[in-house]
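Data first, discussion second: the structure below is written as structure tokens.
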Amino acid sequence: MYEDEKTQQNLYAFKPQLEKMSKWGIALIVFLLLVIGFGMYALYIQVADGHIVTGMRDNVVWGLYIVNFIFFIGISYAGALISGILHLLRVPWRTPIIRMAEMITVISTMIGPAYILLCIGRLDRLPNLVLFGRIQSPIIWDVIAITTYLSGSIIFLYLAMIRDLAILRDNPVKNARWRNPIYRFLAVRYKDTTKQKELLNVSTDLLSIVIIPLAILVHSVLAWIFGMTLRPGWHSTIFAPYFVIAAVYSGTGVLIIVMWVFRKIYHLESQITKIHFNYLGIIMIVLGAMYGYFTFSEYLTSWYGSIKWDMEVLYRLFNPSEYWHLFVFAVFFGVLVPIIIVTVPRFRNINSIAFAACIAVLALWVKRYLIIIPTLETPMLPIHDLRPEYVHYSATWVEWALTFAGIALFILLFYLFSKFIPIIPVVRSGEEKDYSRLRKIVFEKQMKTVIKQHKKSDIASTIVLILLMLGTTPAIMAQDEKIEPVLNLAYFHADSVHKITATLRAKIEGRYRPLPDMEINSTVIQGGKKTTLGSALTNEKGKVSFTIPEEIITTGGDKGIYSFEASFSGNDLYTAASAGTAMKPLRMEMSFFQKEEEKMVNLKVDELGADNQWSPVENLDVVFYVPRTFSLLKVGQASIENGSASFEFPTSVPGNQLGYVTLVAKVEEHEQYGNAEVSGTINWGKPLPPLKVVKRGLGDTDAPLWMVYTLIVLLSLVWFHYMYVIFTVFRIRHLGKS
């Protein structure tokens, strides 16, 4: 194979790293093997004694193992996406880092699924997954998707190594010569001829196109295993994109850490420069911002919906005695710290970007923990066994030992791989940029920015000072003045309940805002005598309600009119306020009758007169509503004449499954009668269609056929491309004979 000067220089630089292993390298391998061996001992204890040695119980059936599985699978997708996208876009600075990304993909995909096996109590039944697995199950989807993804990742990594394998074939290593036959076999007689180069480039591009959507699909399938359950905290429509963004975010952080480590170990300062860290840091903060947005949207939607069991999970996350500290670290520190470090030039350097990546990776691992554990600790059925280990999950040394064993295996495989093949491609495509020139351009841009900032600094500081003075002056002037609040009083009569509602507000910063936790006193005036109804504090909306006793209504009032007052005594910030209202009670009766096709609603309304007798009401407007989930639907209006009114009920109003619908007649904010309403229920609504129970559990057999067919077609297309690429490799080998 032809070797240009740049290739010879790279081979001369990397070949000693393949042939020699330092004492520190040997010590690292021994240490990692000890950690892995301790993990194997923990696995033996778990198999021998059962899952009782772990923290997993009937309630929390998943623990650190599933957290590690999601974490490793997540960072593997980032490697595929980054390497695939950078390759397709022909990004010039991709060459030193693209192999690291591909290695992260392969090694993580091999380690991650192993944690699933640790959750299985009966490993002897594992073959049943292959023999009797159903295509309708999302768990089978995950098995097939991960297997397909791992196969594609290995092929993609192999295609990217063929040129370097050919160079190592033509330049055999001196130590550990057993590797030379492997190099010759894997190089498939590649000689970099025009036809071989064309076939290799086409295959690599084709596999890059396939691997990108496949990575997104595989992690989406993993997210659907959670999202398709009805557990609070999991059942969400945005779980799939949320998982994908979080996976790529953590994977980018792992890639930065790997770059930093190998840069130090192999002294790759001339190969991996600050520009690579800056570019990947920018990618990381963009993904971090998207991850923060998805997190905010997920928790805001759950909180606003206020579903009982979703709120139980949120209470655990926000409780300082449970998961509050982990939640703050995962959601806030894991997003803000990397963004601040990368965006602020003073903090942005190679070591700080690597530190930010460590924070991001650790935060994403904690976030996976918060997705699994608090949800499983919040069952929808009551917990009968209240022992602490059943109610709250706590990982044991066995789980931690196997967790660190997986991390040690990841590091060990990465290090051994770097001793078998150069960690940075030796054969270059000629697309690298002159990094010294790039650094010069960046420096010039930074200097121009600094000059502009100095020119504008005096003007900017003057404007800021003026704005601060203008903003603080009114506040200082108004500091010693009390605010005058506004108190409103309204009367409400719903069926047989009479009450008055007081609302206290104040104009603050140009807007009327409610005043909570303020004491309001209420009285009723009868014959010039005031009777106290009570006192209470306003709620967060500034409102407080007082129920009017029935004995007050039966007294007849002053000529049928009842007077009420509400008062606020004031405090250090607000002046006193009072309000009053007078009203006449109404007696409203609703009845229904049907004549042929007409369905009529009859409303009878009487008022209490001065002689304490009920008499018909004249000229009163009444609005009819049908209650809906969040508001009232107006269905008609009528005017009371001689104490009664009729209203034709619309037949298009939907009811429940039996057609029952509730009708509410309301008198709203009348000067004399206040607010009054009466309701009735009748089966005149349009019945809802019968509820069709559709099972979608993991154990059900009625998955939609279109989904099954779609999955089969997509997988068939992917494997067809795999077969084509493998066939192309054999063509390259055949062309090497001539």
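The values are calculated or read from the model by the stated rules, or taken from the named source; none is laboratory data. Computed from a prediction, not measured in an experiment: that's the story for all the values here. Don't worry about glycine lacking a Cβ; one is built from the backbone with ideal geometry, like all the others, and counts go over all protein chains shown.
For the residues LEU230, LEU186, LEU207, LEU168, the requirement of being at pLDDT 85 or above, more than 21 Å from SER76 (Cβ to Cβ) and either buried (at least 17 other Cβ atoms within 10 Å of the Cβ) or not charged (D, E, K, R) (or both) singles out LEU186.
Give me the strands (runs of 3 or more DSSP E) completely within region 532-613, filtered to those with at least 3 residues that are at positive phi and surrounded by 15 or more Cβ atoms within 10 Å (Cβ to Cβ), ordered by residue number.
Details: elements: 543-547, 562-568, 577-583, 586-595, 598-608.
Correct list: empty, since no element meets the threshold.
Quick check on LEU362: is it modelled with pLDDT of 90 or more, in a helix (DSSP H, G or I) and either in the same structural domain as ILE257 (by TED's automatic domain parsing) or surrounded by fewer than 16 Cβ atoms within 10 Å (Cβ to Cβ) (or both)? Before you say what the answer is, go through the steps one by one.
Values: modelled with pLDDT of 90 or more: yes; in a helix (DSSP H, G or I): yes; either in the same structural domain as ILE257 (by TED's automatic domain parsing) or surrounded by fewer than 16 Cβ atoms within 10 Å (Cβ to Cβ) (or both): yes.
Considered against the rule, which asks whether it is modelled with pLDDT of 90 or more, in a helix (DSSP H, G or I) and either in the same structural domain as ILE257 (by TED's automatic domain parsing) or surrounded by fewer than 16 Cβ atoms within 10 Å (Cβ to Cβ) (or both), LEU362 comes out as yes.
Listed here are the residues, each with its yes/no results for (1) modelled with pLDDT of 85 or more; (2) within 26 Å of CYS358 (Cβ to Cβ); (3) not hydroxyl-bearing (Ser, Thr, Tyr).
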site	(1), (2), (3)
PHE31	yes, yes, yes
VAL47	yes, no, yes
LEU64	yes, yes, yes
PHE69	yes, yes, yes
GLY74	no, yes, yes
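Across region 153-187, what is the total count of residues that are part of a helix (DSSP H, G or I), over 19 Å from ALA13 (Cβ atoms) and among the aromatic types (Phe, Trp, Tyr)? Final tally of qualifying residues: 3. PRO345 meets the conditions (1) within 17 Å of GLY233 (Cα to Cα); (2) outside any helix (DSSP H, G or I); (3) not small (Gly, Ala, Ser) in every case but one. The failed one is (1). Within region 574-610, being touching a residue at least 40 places away in the same chain (Cβ under 8 Å) and among the basic types (Lys, Arg) holds for LYS584, LYS599, LYS604.
Residue-by-condition table, conditions (1) touching an Asp or Glu at 6+ places or on another chain (Cβ under 7 Å); (2) at pLDDT 80 or above; (3) closer than 30 Å to MET228 by Cα:
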{"residue": "GLU648", "(1), (2), (3)": "yes, yes, no"}
{"residue": "THR651", "(1), (2), (3)": "no, no, no"}
{"residue": "ASN683", "(1), (2), (3)": "no, yes, no"}
{"residue": "PRO690", "(1), (2), (3)": "no, no, yes"}
{"residue": "TRP706", "(1), (2), (3)": "no, no, yes"}
{"residue": "LEU717", "(1), (2), (3)": "no, yes, yes"}
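Condition first: under 19 Å from the mean Cα position of the chain (by Cα) and either in the same structural domain as ALA13 (by TED's automatic domain parsing) or farther than 24 Å from ALA330 by Cα (or both). Can you find one or more residues in region 263-278 that meet it? Please lay out each step first, then the result.
Within region 263-278, the first condition is being under 19 Å from the mean Cα position of the chain (by Cα), and the residues that meet it are none.
Checking region 263-278: not a single residue is under 19 Å from the mean Cα position of the chain (by Cα) and either in the same structural domain as ALA13 (by TED's automatic domain parsing) or farther than 24 Å from ALA330 by Cα (or both).
Checked against the criterion of being modelled with pLDDT under 75 and in contact with a Leu (Cβ under 9 Å, 6 or more places away or on another chain), the candidates GLU3, GLU19 yield just one match: GLU3.
Does ILE155 satisfy the condition of being surrounded by 18 or more Cβ atoms within 10 Å (Cβ to Cβ), closer than 19 Å to ILE726 by Cα and hydrophobic (A, V, I, L, M, F, W, C)? Considered against the rule, which asks whether it is surrounded by 18 or more Cβ atoms within 10 Å (Cβ to Cβ), closer than 19 Å to ILE726 by Cα and hydrophobic (A, V, I, L, M, F, W, C), ILE155 comes out as yes.
Here is a list: GLU519, GLU509. Which entry is free of Cβ contacts under 8 Å to residues at least 12 places away in the same chain, surrounded by fewer than 18 Cβ atoms within 10 Å (Cβ to Cβ) and not small (Gly, Ala, Ser)?
On the way: GLU519 fails: free of Cβ contacts under 8 Å to residues at least 12 places away in the same chain.
From the options GLU519, GLU509, the qualifying one is GLU509.
Filtered by the rule that a residue be within 22 Å of THR378 (Cα to Cα), outside any helix (DSSP H, G or I) and not basic (Lys, Arg), region 26-83 gives THR54, GLY55, MET56, ASP58, ASN59, VAL60, VAL61, TRP62, GLY63. Does ARG99 satisfy the criteria of being surrounded by fewer than 16 Cβ atoms within 10 Å (Cβ to Cβ) and basic (Lys, Arg)? It is false that ARG99 is surrounded by fewer than 16 Cβ atoms within 10 Å (Cβ to Cβ) and basic (Lys, Arg). The residue list PHE14, PHE69, PHE31 contains one member that is out of contact with any Cys (no Cβ under 9 Å at 6 or more places or on another chain) and over 26 Å from ASN180 (Cα atoms), which is PHE31. Evaluated against (1) in a helix (DSSP H, G or I); (2) touching a residue at least 24 places away in the same chain (Cβ under 8 Å); (3) over 24 Å from TRP397 (Cβ atoms), GLN9 falls short on exactly one condition, (2).
Scanning for something in contact (Cβ under 8 Å) with a residue 40 or more places away in the chain, in contact with a Gly (Cβ under 9 Å, 6 or more places away or on another chain), of a type in the set (Ser, Thr, Tyr) and closer than 22 Å to ILE73 by Cα, does region 298-319 turn up at least one residue? The answer is no, given that none of the residues of region 298-319 is in contact (Cβ under 8 Å) with a residue 40 or more places away in the chain, in contact with a Gly (Cβ under 9 Å, 6 or more places away or on another chain), of a type in the set (Ser, Thr, Tyr) and closer than 22 Å to ILE73 by Cα.
Residues in region 200-219: is at least one assigned to a helix (DSSP H, G or I), among the charged types (D, E, K, R) and without any contact (Cβ under 8 Å) to a residue 40 or more places away in the chain?
Going through region 200-219, the residues assigned to a helix (DSSP H, G or I) turn out to be 200-219.
Then keep just the ones that are among the charged types (D, E, K, R); that gives 205.
Subset that is without any contact (Cβ under 8 Å) to a residue 40 or more places away in the chain: none.
Within region 200-219 (the criterion being assigned to a helix (DSSP H, G or I), among the charged types (D, E, K, R) and without any contact (Cβ under 8 Å) to a residue 40 or more places away in the chain), the answer is no, since none of the residues qualifies.
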